[in-house]
1. Given the -39500 (n - 2.57) contribution per DSSP H run of 4+ residues, what per-residue ellipticity at 222 nm results for the chain, rounded to the nearest 500 deg cm²/dmol?
2. Which one of L23, F139, P176 is farthest out on the positive end of the charge dipole of the chain, using unit charges on Cβ (Lys, Arg +1; Asp, Glu -1) and the Cα centre as origin?
3. How high is the FRET efficiency from K52 to R189, r the C-beta distance, R0 35 Å, rounded to 0.05?
4. About its Cα centre, how strong a charge dipole does region 82-187 have in debye, to the nearest 20, once Lys and Arg get +1 and Asp and Glu get -1 at the Cβ?
5. Share of antiparallel DSSP beta bridges in region 2-190, in percent to the nearest 5?
6. Mind checking the log10 I(q)/I(0) for the chain at q = 0.08, 0.16, 0.19 Å⁻¹? Debye, one equal scatterer per Cα, no solvent, two decimals.
7. I need the peptides 27-39, 79-91, 101-113 ranked by packing, meaning the mean over residues of other C-beta atoms within 10 angstrom, with the highest value on top.
8. Near S105, within a Cβ-to-Cβ distance under 12 Å, what is the net charge of the other residues, with Lys and Arg +1 and Asp and Glu -1?
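Bear in mind that the values in this text are calculations on the coordinates, not laboratory data. Note that the structure is a prediction, hence the values are computed from the model and not measured. Positions of Cβ are generated from backbone atoms using ideal geometry, with glycine treated the same way; all protein chains shown enter the neighbour counts.
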Amino acid sequence: MGALLKPTSVVSRVHNRGLRWSLQAAYQVLHARWALREATSVGTVRLRGRLKLRNAGRTIIGDRVRFDGTVVPLDLACGEGASLEIGEGTFLNYGSSIGALAHVSIGRNCDIGQYAIILDNDFHSTDRHSEPGVSRPVFIGDDVWIGARVAVLPGATIGQGAVIGAHSVVRGEIPPRTLAAGVPARVIRYLDAAT
């Protein structure tokens with residue numbers, strides 16, 4: 001009879017788990033607000049771990065964006081007069097670094113693997129190492145999956161629904177709905193529309 005009076009029933013366990021999850025989610029949202037306080041516009045974003053933002057331009061982060069900086073912090077930098085946009089529902093994994101001196105645009109519902117690097121500038125010219133090089137905008141479409149340790153170089157365009165294999169270097173244009181990998185990344189195959 002004593003077992004029936006214990007508050008460890010299924011209903012109370014589900015209730016406690018729901019409350020704990022709600023508190024963690026609220027903390028992640030508040031933590032993201034604080035870490036992204038220099039951003040121009042931030043939707044409802046969640047952050048686990050650490051993130052560093054340097055914003056001297058225009059940084060826009062959409063709703064439902066998730067950042068995971070638990071193992072290694074994330075690094076976002078937007079230079080003076082530059083624009084950095086991350087679309088809603090996108091996920092950035094730990095150790096990733098995004099730098100914009102002109103324009104970097106990441107679409108909606110993208111998944112960016114750990115230690116990915118996305119840059120629109122080499123941050124120095126080839127002949128004058130103390131001066132920044134030429135910036136070329138980077139565009140990443142919606143529903144793109146970028147694997148671990150991928151480098152997206154200045155001027156790259158990745159089409160909607162493309163998948164970039166781990167350790168690849170993306171320069172130029174990757175067509176929509178393709179699987180690309182290698183150094184430099186080349187199309188391996190086209191992805192069928194029914195997935």
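1. Theoretical 222 nm ellipticity from helices: -5000 deg cm²/dmol.
2. L23
3. According to the calculation, E is roughly 0.40.
4. Charge dipole of region 82-187: 260 debye, to the nearest 20.
5. Around 10 percent of the beta bridges assigned by DSSP in region 2-190 are antiparallel ones.
6. Each listed q maps to, in turn, -0.32, -0.97, -1.27.
7. Ranking, from highest mean packing down: 101-113, 79-91, 27-39.
8. Every neighbour counted, the sum reads -1.
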